[in-house]
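In what follows, a structure is listed as structure tokens, so that the remarks can point back to it.
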Amino acid sequence: MKKLSLLGSTGSIGTQTLDVVRKNQDIQVVALAAGTRVVELAQQVREFKPQLVCIGKEELVSELKTLIGDLDVKIVCGDEGLTEAATIESADIVLTAVVGMMGIVPTIEAMKAHKDIALANKETLVTAGHIIMRLAKEYGVHIYPVDSEHSAIFQSLNGENPKEINKILLTASGGPFRGKTRKDLEHVSLKDALNHPNWSMGKKITIDSSTMVNKGLEVMEAQWLFNVPATQVQVVIQPQSIIHSMVEFIDGGIMAQLGSPDMRLPIQYALYYPERRFLDSERVDFFKLKQITFEEPDFETFKGLKLAYDAAANGGNIPTALNAANEYAVSRFLDEKIKYLDIADMIEYAMNEVKYIDNPTVEEILDTEASVYEMLKRKW
């Protein structure tokens, strides 16, 4: 029986992962980690009975103890607790679904403990891909992508020679503002930005999808996962979200993975690879669908996507500057403290102002994040 440590268990990916576990009945959850949703975490502990549980803040430990004090489970907290959950001896695989750069250190430590990684925390590769991929090779661990797009690429490469990739076609729905101009977006509300047409996701990633910064992060993630430069990753708008991504090979042949928009598919594929299991998902009916359409991305309106390509080209700690600025800006937008278009402007400012570091260590990556937060707090 495969044994799973799940980081970010109460978020969108985490809860869908547990749904996959619940329906298959042959994965043992040995550790759960969450941020601040104590009640939801306690309910998960009662159902899945892990050996260890981590809550994000120390002040929430007593509340969690009250809720699960009758159970035989070790309670830890904070960053150290997250790393303890990631490195628990009994786990075979760690699914990292925490949001933000806090996922880097636990992922690194899990790899050093010879755990395979099911990766749903894209910031880990965006900011520290040069470290993560080296460690995967050094420790002989596998990284299974959980993002629907990267899972689609991974599936499309099954049985193929990755050296024969011509380009990756990374699909995007276009989000709720597809076809809009920058002028149209001047007075966008939080409610508008959270209204994604196809996917049910957490608030942060939903905003990232609306700005297309998320797609830019995925471009940078793809270059590390599949060892291709960002210039060979082409974003294609595919509004129906049926084609999840494609790979074009040097002979012109294209392999694609299609399916209904359901995150449980890539989650389940990562957990059971190379086996496929039955999934009670909606099936694509091509007679009802009738057509799949494609559009070019609008780099002028969705400036964050262009900035991501710029960050990939510059390398070093510039992707970290982009990611940190985006995290800060999105949090401010979610609190309704800045305007929607300020998000991309803040990213551009941070990328231009941060001190460049060519081959950053983990400490320098985290220092860059802190410095970007400080510079943006001073200006916005």
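The values are calculated or read from the model by the stated rules, or taken from the named source; none is laboratory data. Since the model is a prediction, treat every value here as computed from it, not as a measurement. FYI the Cβ positions are ideal-geometry reconstructions off the backbone, even for glycines, and counts take in every protein chain you see.
Looking at (1) among the small types (Gly, Ala, Ser); (2) buried (at least 24 other Cβ atoms within 10 Å of the Cβ); (3) not in a loop (DSSP other than H, G, I, E, B), which is the only condition Ala91 fails?
(3)
I'd like the full set of residues that are aromatic (Phe, Trp, Tyr) and in a strand (DSSP E or B), limited to the range 110-165.
Within the range 110-165, just Tyr144 meets the criteria.
Given the criterion of a type in the set (A, V, I, L, M, F, W, C) and not assigned by TED's automatic domain parsing to the domain that holds Lys163, identify the matching residue among Leu322, Leu305.
Leu322 is the lone residue from the list that is of a type in the set (A, V, I, L, M, F, W, C) and not assigned by TED's automatic domain parsing to the domain that holds Lys163.
Spot the failing condition for Ile292; the list is (1) without any contact (Cβ under 8 Å) to a residue 40 or more places away in the chain; (2) over 25 Å from Tyr340 (Cα atoms), and only one is missed.
Every listed condition holds for Ile292 apart from (1).
Residues that are closer than 28 Å to Pro261 by Cα: which helices (runs of 4 or more DSSP H) entirely in the range 275-380 hold 1 or more of them?
286-289, 303-314, 318-334, 342-353
Out of the range 103-131, which residues are surrounded by 23 or more Cβ atoms within 10 Å (Cβ to Cβ) and within 21 Å of Gly316 (Cα to Cα)?
Once the filter is applied, which keeps residues that are surrounded by 23 or more Cβ atoms within 10 Å (Cβ to Cβ) and within 21 Å of Gly316 (Cα to Cα), the range 103-131 yields Gly103, Ile104, Thr107, Asn121, Lys122, Glu123, Thr124, Leu125, Val126, Thr127, Ala128.
Which condition number in (1) crowded, with 18+ Cβ neighbours inside 10 Å; (2) free of Cβ contacts under 8 Å to residues at least 40 places away in the same chain is the one that Arg276 fails?
Against the list (1) crowded, with 18+ Cβ neighbours inside 10 Å; (2) free of Cβ contacts under 8 Å to residues at least 40 places away in the same chain, Arg276 comes up short only on (1).
How do the strands (runs of 3 or more DSSP E) wholly within the range 1-84 filter down when requiring 2 or more residues that are closer than 21 Å to Ala270 by Cα: which remain?
Those strands (runs of 3 or more DSSP E) span 2-7, 27-34.
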